[in-house]
Amino acid sequence: MTELPIERDLRDALSVDPSPSFAAGVRARIAAEPGTVGWRSAFRMWMPAAVAALAAVALVVAMRTSHAPTAGSARQLLAGRSMVSTMTLPSTASSFVRQDAPVVARSRAREARGPDVVISASESRALLKLIAGPRTWQLDPAPVPVSTAPPVADLVIEPIVITPLSVDGGQGVRQ
Amino acid sequence: MRTFAGQFGDQLLTVAAADEAVGLEDDFETRLAESSRIAFRVAFSVLRHREDAEDVAQEAFAKAHRNFSQLRDRDRFRAWLVRMTWRMALDRQRANRRHARLDHADWEARALGASTPTPADALEADERSRRLWTAIDALPEKLRIVVVLVNIEDHDLNEVARLVGAPIGTVKWRLFAARRKLKRLLQ
């Protein structure tokens with residue numbers, strides 16, 4: 001469809017230009033906006049602070065990284081603890097202590113691997129059987145029968161006799 | 001600890017950022033010079049009041065300045081500004097309903113040329129103006145902006161398609177529909 005006559009009127013009506021002070025008005029409006037400064041001054045003001053803040057954050061992260069316990073150090077610490085516990089406690093008790101002790105770094109790998117075996121497999125099986133016995137009625141909870149062996153004779157303690165010291169014994173006398 | 005190279009790199013980044021800020025400012029000044037006229041005309045097509053149109057167009061530029069650094073594709077600034085100005089002008093029109101105050105002085109001077117208008121000519125121009133804007137205002141918004149931009153941009157349909165963010169086929173169809181509706185309204 002070709003142009004309508006009214007469009008010529010529209011084109012004429014819209015061929016208006018802004019006033020010569022239009023651009024100045026825009027700049028004045030931008031400058032007058034509350035809390036708005038030019039990009040140049042904003043960068044001058046904030047860039048040093050931003051760089052300093054980033055440097056501080058990087059420093060803190062670097063320090064934390066250097067002091068944080070690594071997986072290797074955690075493993076060594078755990079190994080040290082297990083050595084102490086196995087040396088000072090009975091083997092069955094040490095296995096419980098190892099599982100309940102506060103672990104410094106309980107990593108996923110360690111949890112997937114399971115607890116370290118510090119007692120023999122047969123001893124562990126026997127212990128588990130002992131614990132599970134009463135539950136499954138495989139262990140007879142009846143009291144142990146009284147032994148038929150003769151009772152031990154009463155222990156006789158003879159009185160202690162202290163002999164008095166003799167006068168001529170020479171105690172304290174230089175010989 | 002940061003090495004000297006790291007600190008030097010930060011300094012370079014700071015200088016580069018400052019340069020970029022200066023570049024943004026210069027870029028915006030260029031866009032302001034290029035797009036002042038179309039922003040004003042778009043606002044004027046809605047408001048038909050010179051002071052209001054300037055006010056809205058300036059406000060649109062100020063808003064564009066606030067978000068200019070976030071505009072990824074600077075080539076789309078003109079389209080972005082036009083759409084923003086159009087929306088702001090419609091908001092202003094709804095807010096104050098001053099569109100009834102037509103800028104008769106501008107209209108009559110352009111419609112009648114440099115000749116001194118007689119009372120009869122002035123009356124005729126006034127009637128033409130009233131009919132024109134009544135018909136334009138009766139168009140749906142999507143058709144209206146196409147008609148306005150086609151007449152601002154001297155029928156460059158590719159540019160109009162870029163400005164409204166629609167395919168050229170859609171623009172052609174909207175222009176056709178707008179003209180058909182205008183013809184019906186003016187009969």
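The values are calculated or read from the model by the stated rules, or taken from the named source; none is laboratory data. Computed from a predicted model, the values in this text were never measured in an experiment. No Cβ is skipped: glycine too gets one built from the backbone with ideal geometry, and neighbour counts run over all protein chains shown. Protein only, heavy atoms only, side chains kept; ligands, DNA and RNA dropped before computing areas. Shrake-Rupley method; radii C 1.70, N 1.55, O 1.52, S 1.80 Å.
The residue that is farthest from the chain's Cα centre (by Cα), counting only those in region B:161-187 that are outside any helix (DSSP H, G or I) and either within 25 Å of B:Leu81 (Cβ to Cβ) or in contact (Cβ under 8 Å) with a residue 40 or more places away in the chain (or both), is B:Pro167.
Taking residues in region B:79-98 that are in a helix (DSSP H, G or I), and partners anywhere that are among the basic types (Lys, Arg) and open to solvent by 10 Å² or more (accessible area, probe 1.4 Å), the pairs with Cβ atoms closer than 6 Å and at least 6 places apart or on different chains are B:Ala79/B:Arg162. Please specify each residue of region A:49-62 satisfying the condition of being open to solvent by 80 Å² or more (accessible area, probe 1.4 Å) and at the interface with chain B (Cβ under 10 Å from one of its Cβ atoms). A:Leu54 - this is the single residue of region A:49-62 that is open to solvent by 80 Å² or more (accessible area, probe 1.4 Å) and at the interface with chain B (Cβ under 10 Å from one of its Cβ atoms). Applying the selection to region B:49-75, what residues are outside any helix (DSSP H, G or I) and either out of contact with any Lys or Arg (no Cβ under 8 Å at 6 or more places or on another chain) or within 17 Å of A:Ala31 (Cα to Cα) (or both)? Matches in region B:49-75: B:Asn67, B:Leu71, B:Arg72, B:Asp73. You will find that of A:Arg8, A:Arg40, A:Arg27, the residue that is modelled with pLDDT under 90, in a helix (DSSP H, G or I) and within 60 Å of the chain's Cα centre (by Cα) is A:Arg40 and no other. Looking across region B:118-141 at every residue that is surrounded by 11 or more Cβ atoms within 10 Å (Cβ to Cβ) and not in a helix (DSSP H, G or I), the one that is nearest to the other protein chains (Cβ to nearest Cβ) is identified as B:Leu139.
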